[in-house]
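Encoded as structure tokens, the structure appears first; notes follow it.
Where a number appears in this text, it was derived from the coordinates with a stated rule and is not lab data. None of the values given here were measured: they were computed from a predicted structure. Cβ coordinates were reconstructed from backbone atoms using ideal geometry, including for glycine residues, and neighbour counts include every protein chain displayed.
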Amino acid sequence: MIIHVNVVYTMMSYILAIISAIIVGLILRMPLLPERPMRQSWTISVIFPTAVLAVGFTAMVFGLGYEGTNGMIIGVIVGVLTALFSKFFLEKIVPRPKVEESN
């Protein structure tokens, strides 16, 4: 089987995307973890969904054909843009569900 991608550069790009998303998220004063209980929390935090979106967006960019040694720079750029996206636009695109009180 022939692999046409340098795996080390790709993994470094994913790691840099996660690290840059976490750093920028903390600079923007996003919470590190969601509220408790985490399963029922809709709080946008640094760990979830920001870091997960950074990996997903990086994979989409690589799927479009941008990879190689400059992929690490792309990983950092995507991480920064993902943190900004999570902080300012994510709740407008995916609003919180309405909470029903159970009596």
### Message
If each residue of separation counts as 0.36 nm, what is the full-extension length gain between residue 84 and residue 33 once their alpha-carbon separation is subtracted?
### Response
16.7 nm
#### Entry: Ranked packing of 15-28, 74-87, most packed first, by mean Cβ within 10 Å
74-87, 15-28
### Helix-only mean residue ellipticity at 222 nm for the chain, each DSSP H run of n ≥ 4 adding -39500 (n - 2.57), per residue, nearest 500
-18000 deg cm²/dmol
## Note on the structure
Treating only Lys and Arg (+1) and Asp and Glu (-1) as charged, each at its beta carbon, one finds that the chain has a dipole about its Cα centre, in Debye to the nearest 20, of 180 debye
### Task
Under 13 Å from a label point 7 Å along Cα→Cβ of residue 6: give me every residue in region 46-88 with its amide N that close.
67-73
### Message
Tell me the net charge near residue 85. Cut-off is 13 Å between Cβ atoms, residue 85 excluded, with +1 for each Lys or Arg and -1 for each Asp or Glu.
### Response
+1
### Message
I need the calculated FRET efficiency for the pair residue 40 and residue 92, taking r as the beta carbon distance and R₀ as 25 Å, to the nearest 0.05.
### Response
0.70
